Amino acid sequence: MLKNIRGSFVSLILLFLFLTYSNIFVDVKFIYYDESIPLFSVMKVDGVDNPVSSLDEAIGKIVIDKIDLDRKFYSFDSDLNDVNKNVTIISPSDMPDVIGGTLILAAHSGNVNTAYFKRLNELVIGDVVNVYYSDNKYVYKVSSFYEESRNSSIVIKREKMKNVLVLTTCKIGTKKQLVYIANLINKCNIDDNC
């Protein structure tokens, strides 16, 4: 009987992973097989093209040495939290200090002056992304990337209970959206070297 239970459990996990990676869950916000088993979740994010926008003080910055990116980002309430002006925080983002949270940043690609993610497509699994926020440095490592249809929403495929950074931009010359997932691997005081 124990073999049958194990076999059923493995079958359910394989089915879940197949459905997750085949985008069957496009309209679902979060999907968990079992709250006690940390598998994968899928989160739908609406309004990728319409970030919430009054304060002009940066709350953090993103640095990706590999693509020469060093850019501040602004709070949800700021007029500067606008994809036509800066790297933009997309709702329903959490800040990096939220345990199990998801910080979603978007920017233009292409040839415009505000194309801060124009070289995002050069990132590969294992590349490092640093986020500075609230006197801390958060070090993320790219764990996956994929394309979504560009229709003002994206599906975020991420591991449950990990702090995640999502970077997204349009794929030049297509009707696709690039989505990069990076997991938090280290956090230290901004003055420390981590």
Subset of the range 38-70 (residues that are open to solvent by less than 70 Å² (accessible area, probe 1.4 Å) and either modelled with pLDDT of 85 or more or polar (S, T, N, Q) (or both)): Ser41, Ser53, Ala58, Ile59, Gly60, Lys61, Ile62, Val63, Ile64, Ile67, Leu69
Any hit, the range 150-159, residues being open to solvent by 80 Å² or more (accessible area, probe 1.4 Å) and acidic (Asp, Glu): no
Filter result (assigned to a loop (DSSP other than H, G, I, E, B) and at negative phi) within the range 141-158: Arg150, Asn151
Subset of the range 115-136 [in a loop (DSSP other than H, G, I, E, B) and open to solvent by 30 Å² or more (accessible area, probe 1.4 Å)]: Tyr116, Lys118, Arg119, Val124, Ile125, Gly126, Ser134, Asp135
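Looking at the range 159-173, which of its residues are of a type in the set (D, E, K, R) and either assigned to a strand (DSSP E or B) or at positive phi (or both)?
Of everything in the range 159-173, just one residue is of a type in the set (D, E, K, R) and either assigned to a strand (DSSP E or B) or at positive phi (or both), namely Glu159.
Going by what's in this entry, would Asn130 be described as in contact with a strand residue (DSSP E or B) (Cβ under 9 Å, 6 or more places away or on another chain), polar (S, T, N, Q) and at pLDDT 95 or above?
yes
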Test: Glu122 is modelled with pLDDT under 95 and either of a type outside the set (D, E, K, R) or on the phi < 0 side of the Ramachandran plot (or both): no
Residue satisfying condition, being within 13 Å of Leu167 (Cα to Cα) and either in contact with a strand residue (DSSP E or B) (Cβ under 7 Å, 6 or more places away or on another chain) or open to solvent by 50 Å² or more (accessible area, probe 1.4 Å) (or both), within set Ser93, Ser75: Ser93
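The values are calculated or read from the model by the stated rules, or taken from the named source; none is laboratory data. The structure displayed is predicted, hence computed values, not measured ones. For neighbour counting, all protein chains shown are included, and Cβ atoms are generated from backbone atoms with ideal geometry for every residue, glycine included. For accessibility, only protein heavy atoms count, side chains too; no ligands or nucleic acids. Shrake-Rupley method; radii C 1.70, N 1.55, O 1.52, S 1.80 Å.
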